[in-house]
Amino acid sequence: MEKVKDFEITKGISADRLARQMKESGGFTAKSLAKGVDIIEEMLKDEKSLNFLSFPACIIATGTRGIIKDMVKRKWFSTVITTCGTLDHDLARCYKDYYQGDFFMDDKELHKKGVSRIGNILVPNESYGEIIEEKMLKILNEIYAEGKRELATYELCWEIGKRLNESSLLYWCWKNNIPVIVPGITDGAVGYQIWQFSQDHDLKINVLKDEKLLSDMVWQAKKSGALIIGGGISKHHVLWWNLFKHGLDYAVYITTAVEYDGSLSGARPREAVSWGKIREKAKTVIIEADATIALPIMFAALLERI
């Protein structure tokens with residue numbers, strides 16, 4: 001048995017040393033976070049591993065967007081799987097600001113003022129729907145003028161990304177040839193603009209082309225790993241496709257969802273083992289924490305190791 005050690009925090013302590021002390025403290029979620037850093041480090045250093053990153057859109061409305069952007073900028077992951085809202089927030093924030101608010105603001109008053117709330121993040125109408133409509137119409141017209149009539153979602157994401165600035169995670173995915181796959185592409189403002197455009201243009205989104213890419217990648221992979229933030233369709237799509245290579249070899253979950261209601265978002269890695277989506281001998285951990293707290297610490301520690 002290993003002894004529980006007290007934290008010894010000193011001025012100027014490195015993020016890596018802090019993570020290692022979390023492991024030594026033996027205490028609750030801190031130890032899980034430290035284990036997550038260890039697993040991701042091993043996963044990223046494993047040259048045989050095809051690595052996935054999945055996350056929901058909400059964190060892209062926060063400053064955590066910068067962490068996601070820096071991870072793909074450094075080519076830590078081979079593939080990103082996310083939701084349409086990620087495209088919405090990433091595009092919008094290249095041109096307009098979001099603002100800090102409060103969970104307990106008067107939502108009726110916000111609505112009257114044309115401000116939407118994502119938790120404690122405030123999004124004025126001109127910073128979301130209006131700017132997305134303006135920019136997407138321009139992008140879609142450019143794509144159409146180039147003669148493109150059918151795109152996979154990863155191709156659409158690259159088309160958007162190459163037209164954005166360096167603060168954008170889509171820009172870096174395009175720059176580094178990292179596919180961003182959005183299984184629920186119509187579930188957001190960008191998806192709605194595509195639908196509207198399709199009413200008088202023969203432009204189509206081919207989600208089956210995304211699945212072909214995933215199939216080719218997974219069937220060729222010797223090993224695979226995933227950092228899975230949150231749940232929903234993004235999480236399931238990573239797990240589903242890794243079923244066909246007999247499961248992930250590395251899996252780090254970050255979630256605040258509970259397990260007892262049977263939801264996928266709250267399902268623990270051990271449940272995925274029963275499906276064959278994670279290997280029986282895989283290295284796994286679940287970090288039960290808000291990703292906006294956990295990710296910056298983990299990223300900073302990994303920067304010192306990778």
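None of the figures in this text is laboratory data; all of them are computed from the coordinates on show. Owing to the predicted nature of the structure, the values given are computational and were not obtained by experimental measurement. Cβ placement follows ideal geometry from the backbone for every residue including glycine, while neighbour counts extend to all protein chains displayed.
Summary of computed values
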quantity	calculated
Low-density loop positions, chymotrypsin sites (Phe, Trp or Tyr not before Pro), the range 35-115 - DSSP coil, at most 12 other Cβ in 10 Å	103, 104
The chain: antiparallel DSSP beta bridges as a percent of all, rounded to 5	20 percent
Over the chain, relative contact order from alpha-carbon pairs under 8 Å, at least 6 apart, %	24 percent
From phi via Karplus (6.51, -1.76, 1.60), per-residue ³J(HN,Hα) for the range 99-109 in Hz, x at Gly/Pro	10, 7, x, 8, 5, 10, 6, 7, 5, 5, 5
Peptides ranked, highest mean first, by Cβ atoms within 10 Å: ranges 127-133, 88-94, 228-234, 69-75	88-94, 228-234, 127-133, 69-75
Dipole-positive endmost among 282, 265, 236 within the range 224-306 (Cβ charges, Cα centre)	282
Between the range 148-187 and the range 238-306, the alpha-carbon center distance in angstrom	24 Å
Label-to-label distance, nm, for residues given as residue 201 and residue 243 (7 Å Cα→Cβ offset)	3.6 nm
Convex hull volume of the chain per residue (C-alpha atoms, cubic angstrom)	157 Å³
